[in-house]
1. Can you name the number of the only condition in (1) touching a Ser or Thr at 6+ places or on another chain (Cβ under 6 Å); (2) at pLDDT 90 or above that residue 225 fails?
2. For the stretch 200-216, enumerate the residues that are surrounded by fewer than 23 Cβ atoms within 10 Å (Cβ to Cβ) and under 22 Å from the mean Cα position of the chain (by Cα).
3. So which residues in the stretch 127-139 are surrounded by fewer than 24 Cβ atoms within 10 Å (Cβ to Cβ) and either touching a residue at least 60 places away in the same chain (Cβ under 8 Å) or not in a helix (DSSP H, G or I) (or both), if there are any at all?
4. Could you give every pair whose Cβ atoms fall below 6 Å, whose first residue belongs to the stretch 383-407 and is within 18 Å of residue 162 (Cα to Cα) and assigned to a helix (DSSP H, G or I), and whose second residue is open to solvent by 40 Å² or more (accessible area, probe 1.4 Å) and not small (Gly, Ala, Ser), counting only separations of at least 6 or pairs across chains?
5. Which condition breaks for residue 242 when tested against (1) in contact with a Ser or Thr (Cβ under 8 Å, 6 or more places away or on another chain); (2) within 18 Å of residue 288 (Cβ to Cβ)?
6. Taking the stretch 140-156 on its own, how many of its residues are outside any loop (DSSP other than H, G, I, E, B) and either over 21 Å from residue 335 (Cα atoms) or within 13 Å of the chain's Cα centre (by Cα) (or both)?
7. Determine, yes or no, whether residue 259 is out of contact with any Phe, Trp or Tyr (no Cβ under 8 Å at 6 or more places or on another chain) and in contact (Cβ under 8 Å) with a residue 24 or more places away in the chain.
Amino acid sequence: MDTFTLITALITISALISYINLRFIKLPGAIGVMFVSILLSVFILVTGKAFPTAFNFIRELTSSIDFTKTLLDIMLAFLLFASAFHFEYKKLREQRKPVLILSTIGVVGSTVIFGFLLDFTTTMLGIDLPLVYCFLFGALISPTDPVAVLSVLKKSRIPSSLETIISGESLLNDGVGLILFVTIGEVAAQEATFSFGHATELFAKEVFGGLALGAGVAFITGYLTKKIHEFQTAILVSISMVMAISVLGSMLHVSIPLAAVAAGLILGSSSIGAKTNAGLQKYLHQFWELIDELLNIILFVMIGLQIVVLPFIGHYWFIGMLSILFVLIARGVSILVPALALRRSLNMSVNNTAILVWAGLRGGISVALALSLPDSPYKELILSASYIIVIFSVIVQGLTLNKVVNKFVK
């Protein structure tokens with residue numbers, strides 16, 4: 001399938017699924033799109049012999065998409081820049097302590113707790129999954145997914161302060177999650193033993209290099225846009241900036257997501273962005289809001305259709321369901337312990353902790369990282385369980401978030 005046909009088919013299917021959801025299912029945008037996509041995938045799998053043409057077409061379409069590369073190297077920078085561009089930096093600064101703790105200590109703690117819970121369970125069940133792979137699974141599933149989180153929070157009634165904490169955490173926890181995933185992955189591949197120095201060096205390069213790249217490109221873009229008065233040119237400049245972040249980030253081996261977030265925050269909330277013509281700022285915000293919505297729909301359709309090329313997912317449903325429980329326990333403990341230890345400075349109640357646990361959604365990034373794992377006897381289990389967690393997270397947690405908020409907010 002050539003590139004243009006592939007893009008045409010994907011956009012057409014996304015439009016059809018979005019229409020079906022809005023017209024008949026009427027679930028919130030991202031949740032409904034993913035739900036309908038999964039239903040379509042299951043229907044195609046069940047009726048594959050009766051409708052071989054449809055089955056083969058969807059399978060070829062999904063197989064032709066390199067999900068990991070498409071999301072991590074292309075779509076993610078656009079999605080995160082658009083989200084950060086609309087984010088209020090002032091609110092993020094007010095909640096910086098809980099955001100920083102959740103995006104660092106929280107991710108590490110969740111990874112360790114999840115790893116030990118999974119290792120204990122698989123040992124008891126007689127399932128062959130080494131401890132290092134349990135930690136690797138924890139590293140890719142512990143960071144909350146910014147795309148899933150922000151798309152669901154738009155439709156929620158969550159208090160403003162908690163929304164800022166959850167959104168800020170999801171935007172900034174990429175660095176810790178990535179360093180854990182890469183470092184543990186190297187140990188699992190027996191390419192190296194764990195080295196704190198190596199981990200620190202990798203973390204510094206990915207995180208601080210990404211922030212520096214985003215800031216540098218943003219300042220250049222801000223300087224250019226304040227010199228022009230045509231919104232078409234301003235939009236082209238902003239698009240080229242995000243694309244440059246993706247290309248340069250790959251070349252320099254720094255965090256593309258953090259670079260995109262830094263650029264979005266600087267251009268959307270600082271004096272750099274304010275110097276841009278007010279009319280241009282309005283057009284830019286409208287344009288990137290549209291890009292955010294469209295790419296979200298396409299991404300969640302891609303996630304839903306992945307089930308067609310993961311026929312082995314049914315073999316691991318039990319361990320996948322247990323993993324859902326372990327993720328929630330790990331996140332709860334990793335939030336509650338720092339909250340109790342620093343309760344005076346964080347002012348985090350048990351009710352707020354419960355909302356934070358339930359609102360910590362996982363999404364396409366976890367699936368992409370699982371797909372990027374090298375072939376091993378354990379990849380199918382990790383990939384299948386990750387997919388099950390993502391489905392539960394987006395659909396079940398996303399649909400019930402407002403009920404949880406109403407229960408715990410007095």
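The values are calculated or read from the model by the stated rules, or taken from the named source; none is laboratory data. Nothing here was measured: the structure is a model prediction, and the numbers come from that model. Positions of Cβ are backbone-derived with ideal geometry, glycine not excepted, and every protein chain shown enters the neighbour counts. Accessible surface is based on the protein model in full, side chains and every heavy atom, while ligands, DNA and RNA are left aside. Shrake-Rupley method; radii C 1.70, N 1.55, O 1.52, S 1.80 Å.
1. If we test residue 225 against (1) touching a Ser or Thr at 6+ places or on another chain (Cβ under 6 Å); (2) at pLDDT 90 or above, just (2) comes out false.
2. Pass one, the stretch 200-216, residues surrounded by fewer than 23 Cβ atoms within 10 Å (Cβ to Cβ): 200-205, 207-209, 211-212, 215-216.
Selection gives 202, 203, 204, 205, 207, 208, 209, 211, 212, 215.
3. Correct list: 127, 128, 129, 130.
4. Pairs found: 397/358; 402/157; 404/358; 405/157.
5. (1)
6. First, pick out the residues of the stretch 140-156 that are outside any loop (DSSP other than H, G, I, E, B): 140-141, 146-153.
In the following step, the residues that additionally are either over 21 Å from residue 335 (Cα atoms) or within 13 Å of the chain's Cα centre (by Cα) (or both) were identified as 140-141, 146-152.
Going through the stretch 140-156 one residue at a time, the tally reaches 9.
7. On the way: out of contact with any Phe, Trp or Tyr (no Cβ under 8 Å at 6 or more places or on another chain): yes; in contact (Cβ under 8 Å) with a residue 24 or more places away in the chain: yes.
Here the answer is yes, as residue 259 does meet what is asked.
To keep it simple, each residue is scored yes or no on (1) open to solvent by 30 Å² or more (accessible area, probe 1.4 Å); (2) in contact with a Pro (Cβ under 8 Å, 6 or more places away or on another chain); (3) of a type in the set (Phe, Trp, Tyr); (4) modelled with pLDDT under 90.
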site: 45; (1), (2), (3), (4): yes, yes, no, yes
site: 48; (1), (2), (3), (4): no, no, no, yes
site: 52; (1), (2), (3), (4): yes, no, no, yes
site: 55; (1), (2), (3), (4): yes, no, yes, yes
site: 68; (1), (2), (3), (4): no, no, no, no
site: 98; (1), (2), (3), (4): no, no, no, yes
